[in-house]
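**Student:** Input: one structure, supplied below.
The values are calculated or read from the model by the stated rules, or taken from the named source; none is laboratory data. Because the structure is predicted, anything quoted here is derived from the model rather than measured. Cβ placement follows ideal geometry from the backbone for every residue including glycine, while neighbour counts extend to all protein chains displayed. Just so you know, the surface numbers come from the protein's heavy atoms only, side chains and all, with ligands and any DNA or RNA stripped out. Shrake-Rupley method; radii C 1.70, N 1.55, O 1.52, S 1.80 Å.
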Amino acid sequence: MSGEPSFTLDGQQIPFQEGQTVMQAALEAGVYIPHLCFNPEFTPHGSCRVCLVKVNNRMQAACTTPAAGGQTVQSETEELREIRRGILQMLFVEGNHVCPACEKSGACQLQAVAYYVGMLAPHFKHFYPRRPVDASHPDAVIDFNRCIMCELCVRASRDVDGKNIFAVEGRGIQAHLVVNTPSGQLGATGFSLHDKAAQVCPTGSILTKHRGYDIPIGQRLYDRKPINVVGDVAQLPDSQGGRRHD
Amino acid sequence: MAESSMLTETIRDIVQHHGGMPTRLLQILRDVQDRLTWLSPETLERVAEELSISPNKVRSVAEFYSFLYTTPRGRYDILFSDNITDRMLGNRELLHYLCSRLKVSIGETRADGLVTVGTTSCTGMCDQGPAALVNGYTLTRLNPSRLDGIANLIESRIPLAEWPRELFEVYSNLRRADILLGRHFADGSALRAGLKRGPEAIMEEMVKSGLRGQGGAGFGSAAKWISCRNAPGNVKYVVCNADEGEPGTFKDRVLMQDFADLVFEGMTLCGRVIGAQHGFVYLRGEYRYMLNPLKAILQRRREAGLLGEAILGDASFNFDIEIHLGAGAYVCGEESALIESLEGKHGVPRIRPPFPTTHGYLNKPTVVNNVETFAAAAKIAVEGGDWFASRGTAQSKGTKLLSVSGDCERPGIYEYPFGITVHQVLEDCGAHDAQGIQMAGPAGHMISAQQFGRRICFEDLATGGSFMVFDQKRDILDGVRNFAHFFVHESCGFCTPCRVGTSLMRDLIDKVHTGHGTRYDLEEMCKLGRIMQAGCHCGLGQTAPNPVLDSLDQFPEAYERRLRSTAYEPAFDLNAALEEARQLTGRSDPGAYLNEEDLLVGAMP
């Protein structure tokens, strides 16, 4: 049992390499820890807090906590499920998420994670914020009502596409996603469907125009199997109902 | 066109004055706003151009800080401090009084662009409130006659520089001194001791002293200095956290105002020990009135050979200090958010580890200490670690400055050895009828009279220094509600449980406060509080539910008497929801209200 270091996750030994986080090591070992702002292709952000785990009895975000030999990590406990459910419910009431009317329903990571943690209703009082929809771009539409502030599009556009199209402005509950042009319109940017930023949204905020309901409800990504089996929508190829344009 | 080139000129001058450095962005925006009263989209674009950075970076900073305005403000911008201690002293009545004198609504700019009147978080003048800021400068001890004078000055468009000085007078109210403030300190003595004995010996004294971070977190100061000293790299930084934002705290203000040499000397000594040549004081925006006096003290120290190059004639001892002014963001008191702000960004706390001692300012090893910690370090260098450790308790050596305010006869600064009981403090400050104390500010703990025997130290009641007294005639829920609104305003918005949770908590406490709460709502508050404590990214969100959870535990009767007997009450107010329909139909007759009681509420201004 010498050589590779490991930690235990819900009793299971998880090997890791130096420099990996708890999340990265768990995913590599095929163990799912629910997450939204984490995407294995990007530097961890730690903002959604859905991946909370108990590391040696302390609450930590799995995506930002370095793995260390001998750690005891708890993930699938009722306590953590309840906290995660609460955080998901917060995300749902903060924006305007109307799943039955959303083209992304069934292939939405937010919805799938919500089901995974056992969330059946938003529970908290809805904020009903007034947010616009931006349909100025010929190929894509942004519905800010569904934004959960994960900043994946911000990171993808800045770090991968080199376009820096998105940003977050404001503070506290006023913080919101913006498009980086004087008009604030996506149509005025060089945004393209081939951008990484077009493929990373875990909700239905950034949608492709002209192709609605290609896959019927009932046959969508998460309709038959849960997210811990299927994986993240952004990590799956288009042919499997994912976002990746291979 | 001429106007636009003048704008470019103005901005170019300011940017050049700051060396064209993007790390100075917050300072640049403050200066630009001073000149133009607000930051228009065009202004922000120009600043970005002059600094050659992306416009969204500039906008995100401008949108983040409370004291930066992206909508037009009056030439006179008045912000009433709205801490619970200001409220106890009647600030709301005064706010309404001034608004009616100036014929302006709260938070709005008067049509002629002359004046704006609004509110802001605690300005650190709790011992001499109600307080306010005018164009960022502190006004104290407000009352109707002072406000009459202020209204006249504004209507007559008298420049701020010509306003009577007594309006801006800030008292120190130093009520009790112990070893830190009681004994005279000779400028330069700590540096001389440092040079004579060497960095290792100073660190040894620091270890012996047992000094812990006086901002409230209590991390061992020697361990921090040693870790930073041992961190690889030639460029290191010393940062003094003077972003004293915790409501009810004002001891750092008094230290900076009356003991700045002691603080600067502690920073310089730290620079010598860890091998840093550059220090920053992050001074909270609310203490702007101190900026020029502090700069003058720094200059005097340079001239005396206590700062700058070849300190005390030692060619190997170079260290200088720069003051960075905040702009109204409580979260910047968190050390990694403070560093972000120093770098010219919006203040979102970083992911830790790595910690600032290895990856701080510009990712270089950095010591961030509280004002009081640096002051104590300077004294320890002179008097020795044993001297400091002779006061206090086993785990909490030395003394602590308390900022005492609220319902007591003698509010002000009290220096005590660690281990003092709450009861003793109450007796000394003349609080004869206390029902509770908000200890260490809203992020700390609320305790009731049964616990006044507890001791102030890290083993028992840890504190950064805030001590707010509520007497028997106060409604505890007024305080809880004030704190809940404070956290909504100060959440940075980065992580979900704080961004959303603070608003949910505010709505729940408002619901109970207005008599619409039920037992179910109290359970909801507990559940929500637990999620925030467990899940938030930084200390702000983790401690934000404390006032609610503590008061539920310590003052259940304050809730009980307001509860509806029903098991459940909807979160929305049906009568209020009908208001839009009433306005659309122009109805105000009794039939348009659900019942008589609502008619009265609805008719209120």
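Conditions tested, residue by residue: (1) modelled with pLDDT of 95 or more; (2) of a type outside the set (Lys, Arg); (3) crowded, with 18+ Cβ neighbours inside 10 Å; (4) outside the structural domain of B:GLN257 (by TED's automatic domain parsing).
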position	(1), (2), (3), (4)
B:ASN318	yes, yes, no, no
B:ILE323	yes, yes, yes, no
B:CYS332	yes, yes, yes, no
B:SER336	yes, yes, yes, no
B:ARG352	no, no, no, no
B:THR357	yes, yes, yes, no
B:ASN369	yes, yes, yes, no
B:SER405	yes, yes, yes, yes
B:PRO411	yes, yes, yes, yes
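**Student:** Restricting to the stretch A:183-205, name every residue that is open to solvent by 10 Å² or more (accessible area, probe 1.4 Å) and not in a loop (DSSP other than H, G, I, E, B).
**Tutor:** Those that are open to solvent by 10 Å² or more (accessible area, probe 1.4 Å) and not in a loop (DSSP other than H, G, I, E, B): A:GLY187, A:ALA188, A:LYS196, A:ALA198.
**Student:** Still on this structure, please answer the following. Would you confirm whether any residue within the stretch A:45-53 is farther than 25 Å from A:ALA175 by Cα, outside the structural domain of A:TYR128 (by TED's automatic domain parsing) and open to solvent by 10 Å² or more (accessible area, probe 1.4 Å)? So that I can check it myself, show each step before the final result.
**Tutor:** At the first step, the residues of the stretch A:45-53 found to be farther than 25 Å from A:ALA175 by Cα are A:53.
This time we only want the ones that are outside the structural domain of A:TYR128 (by TED's automatic domain parsing), so: A:53.
Checking which are open to solvent by 10 Å² or more (accessible area, probe 1.4 Å) leaves us with none.
No, the stretch A:45-53 contains no residue that is farther than 25 Å from A:ALA175 by Cα, outside the structural domain of A:TYR128 (by TED's automatic domain parsing) and open to solvent by 10 Å² or more (accessible area, probe 1.4 Å).
**Student:** Write out, first by first residue and then by second, each pair whose Cβ atoms fall under 7 Å of each other, whose residues are 6+ apart or on separate chains, and whose first residue, in the stretch B:571-588, is farther than 23 Å from B:SER503 by Cα while the second is open to solvent by less than 100 Å² (accessible area, probe 1.4 Å) and of a type in the set (A, V, I, L, M).
**Tutor:** As it stands, the answer is B:ARG582/B:ALA592, since those pairs meet every condition given.
**Student:** Could you please tell me which pairs satisfy a Cβ distance under 8 Å, a separation of 6+ or placement on different chains, a first residue in the stretch B:26-45 that is hydroxyl-bearing (Ser, Thr, Tyr) and in a helix (DSSP H, G or I), and a second residue that is at pLDDT 95 or above and surrounded by 18 or more Cβ atoms within 10 Å (Cβ to Cβ)?
**Tutor:** B:THR43/B:ILE11; B:THR43/B:VAL32
**Student:** State the number of residues belonging to the stretch B:46-83 that are open to solvent by 10 Å² or more (accessible area, probe 1.4 Å), within 24 Å of B:GLY441 (Cβ to Cβ) and in a helix (DSSP H, G or I).
**Tutor:** Residues in the stretch B:46-83 being open to solvent by 10 Å² or more (accessible area, probe 1.4 Å), within 24 Å of B:GLY441 (Cβ to Cβ) and in a helix (DSSP H, G or I): 0 in total.
**Student:** Of the conditions (1) under 30 Å from B:TYR97 (Cα atoms); (2) assigned to a helix (DSSP H, G or I), B:PRO199 fails just one. Which one is it?
**Tutor:** The number of the failed condition is (1).
**Student:** Within the group B:GLU557, B:GLU569, which residue is among the acidic types (Asp, Glu) and closer than 29 Å to A:ARG85 by Cα?
**Tutor:** B:GLU569
**Student:** Every residue in the stretch A:47-57 that is at the interface with chain B (Cβ under 10 Å from one of its Cβ atoms) and farther than 10 Å from B:CYS536 by Cα, please. Quick ask: steps written out before the conclusion?
**Tutor:** Step one: filter the stretch A:47-57 for residues at the interface with chain B (Cβ under 10 Å from one of its Cβ atoms), giving A:47-50, A:52, A:54.
Correct list: A:VAL50, A:LYS54.
**Student:** Looking at (1) at pLDDT below 95; (2) open to solvent by less than 20 Å² (accessible area, probe 1.4 Å), which is the only condition B:ALA276 fails?
**Tutor:** (1)
**Student:** I'd like to check something: does the stretch A:165-181 contain any residue that is farther than 30 Å from B:GLY541 by Cβ and either under 16 Å from the mean Cα position of the chain (by Cα) or modelled with pLDDT under 95 (or both)?
**Tutor:** yes
**Student:** Taking A:THR65, is it in contact (Cβ under 8 Å) with a residue 60 or more places away in the chain and out of contact with any His (no Cβ under 7 Å at 6 or more places or on another chain)?
**Tutor:** Criteria not met by A:THR65.
**Student:** So, of the residues in the stretch B:210-247 that are assigned to a strand (DSSP E or B) and open to solvent by less than 10 Å² (accessible area, probe 1.4 Å), which turns out to be farthest from B:SER316 (Cα to Cα)? Spell out how you get there, then give the answer.
**Tutor:** We begin by selecting, within the stretch B:210-247, every residue assigned to a strand (DSSP E or B); these are B:212, B:220, B:237-242.
Add one more test, that the residue is open to solvent by less than 10 Å² (accessible area, probe 1.4 Å), and what stays is B:238-240, B:242.
Working: B:VAL238: 17, B:VAL239: 21, B:CYS240: 23, B:ALA242: 28 Å.
Across the stretch B:210-247, the extreme among qualifying residues is B:ALA242.
**Student:** Related question: Among the listed residues A:ALA62, A:ALA29, A:ALA25, identify the single one that is crowded, with 17+ Cβ neighbours inside 10 Å and more than 14 Å from every other protein chain (Cβ to nearest Cβ).
**Tutor:** When all the criteria are applied, what remains is A:ALA25.
**Student:** May I ask you to list pairs of residues, at least six apart or on different chains, whose Cβ atoms are under 6 Å apart, with the first in the stretch B:128-150 being farther than 22 Å from B:PRO247 by Cβ and the second being open to solvent by less than 10 Å² (accessible area, probe 1.4 Å)?
**Tutor:** Filtered contacts from the stretch B:128-150: B:LEU147/B:LEU98.
**Student:** Continuing with this model, one more query. Taking the criterion of being surrounded by 19 or more Cβ atoms within 10 Å (Cβ to Cβ), within 12 Å of chain B (Cβ to nearest Cβ), closer than 30 Å to A:LEU186 by Cα and at pLDDT 95 or above, would at least one residue in the stretch A:78-87 satisfy it?
**Tutor:** Yes, the stretch A:78-87 contains at least one residue that is surrounded by 19 or more Cβ atoms within 10 Å (Cβ to Cβ), within 12 Å of chain B (Cβ to nearest Cβ), closer than 30 Å to A:LEU186 by Cα and at pLDDT 95 or above.
**Student:** Of the numbered conditions (1) more than 14 Å from chain B (Cβ to nearest Cβ); (2) of a type in the set (Ser, Thr, Tyr); (3) surrounded by 16 or more Cβ atoms within 10 Å (Cβ to Cβ), A:TYR213 fails exactly one; give the number of that condition.
**Tutor:** Unmet for A:TYR213, out of (1) more than 14 Å from chain B (Cβ to nearest Cβ); (2) of a type in the set (Ser, Thr, Tyr); (3) surrounded by 16 or more Cβ atoms within 10 Å (Cβ to Cβ): (3).
**Student:** Name the residues in the stretch A:42-58 that are touching a strand residue (DSSP E or B) at 6+ places or on another chain (Cβ under 7 Å), under 16 Å from A:ILE83 (Cα atoms) and in a loop (DSSP other than H, G, I, E, B), would you?
**Tutor:** Here is the first cut: in the stretch A:42-58, the residues touching a strand residue (DSSP E or B) at 6+ places or on another chain (Cβ under 7 Å) are A:44, A:46, A:49, A:51-56.
Pick out the ones that are also under 16 Å from A:ILE83 (Cα atoms) and you get A:46, A:49, A:51-55.
Those that are touching a strand residue (DSSP E or B) at 6+ places or on another chain (Cβ under 7 Å), under 16 Å from A:ILE83 (Cα atoms) and in a loop (DSSP other than H, G, I, E, B): A:GLY46, A:ARG49, A:CYS51.
**Student:** Oh, and also: Sort through B:LEU180, B:LEU147, B:LEU133 and tell me the only one that's assigned to a helix (DSSP H, G or I), in contact with a Ser or Thr (Cβ under 7 Å, 6 or more places away or on another chain) and not basic (Lys, Arg). It would help to see each step written out before you state the result.
**Tutor:** Details: B:LEU147 fails: in contact with a Ser or Thr (Cβ under 7 Å, 6 or more places away or on another chain); B:LEU133 fails: assigned to a helix (DSSP H, G or I).
B:LEU180 is the lone residue from the list that is assigned to a helix (DSSP H, G or I), in contact with a Ser or Thr (Cβ under 7 Å, 6 or more places away or on another chain) and not basic (Lys, Arg).
**Student:** Still on this structure, I have one more. Evaluate the following for A:GLY106: is it in contact with a strand residue (DSSP E or B) (Cβ under 9 Å, 6 or more places away or on another chain) and away from chain B (no Cβ under 12 Å)?
**Tutor:** Taking the combined requirement at face value, the residue does not satisfy it.
**Student:** Next question. Kindly indicate whether A:PHE38 is more than 10 Å from chain B (Cβ to nearest Cβ), modelled with pLDDT of 95 or more, closer than 23 Å to A:GLY242 by Cα and surrounded by 16 or more Cβ atoms within 10 Å (Cβ to Cβ).
**Tutor:** On the way: more than 10 Å from chain B (Cβ to nearest Cβ): yes; modelled with pLDDT of 95 or more: yes; closer than 23 Å to A:GLY242 by Cα: yes; surrounded by 16 or more Cβ atoms within 10 Å (Cβ to Cβ): yes.
Against the criterion (more than 10 Å from chain B (Cβ to nearest Cβ), modelled with pLDDT of 95 or more, closer than 23 Å to A:GLY242 by Cα and surrounded by 16 or more Cβ atoms within 10 Å (Cβ to Cβ)), A:PHE38 qualifies.
**Student:** Give all pairs with beta carbons closer than 6 Å in which a residue from the stretch B:59-75 that is facing another protein chain (nearest Cβ under 8 Å) meets a residue that is open to solvent by 40 Å² or more (accessible area, probe 1.4 Å); count only pairs at least 6 apart in sequence or on separate chains.
**Tutor:** From the stretch B:59-75, the pairs are B:SER60/B:HIS346; B:PHE64/B:HIS346.
**Student:** Let me ask you something else. Could you figure out which of (1) part of a helix (DSSP H, G or I); (2) within 19 Å of B:ASP261 (Cβ to Cβ) isn't true of B:ILE321?
**Tutor:** (1)
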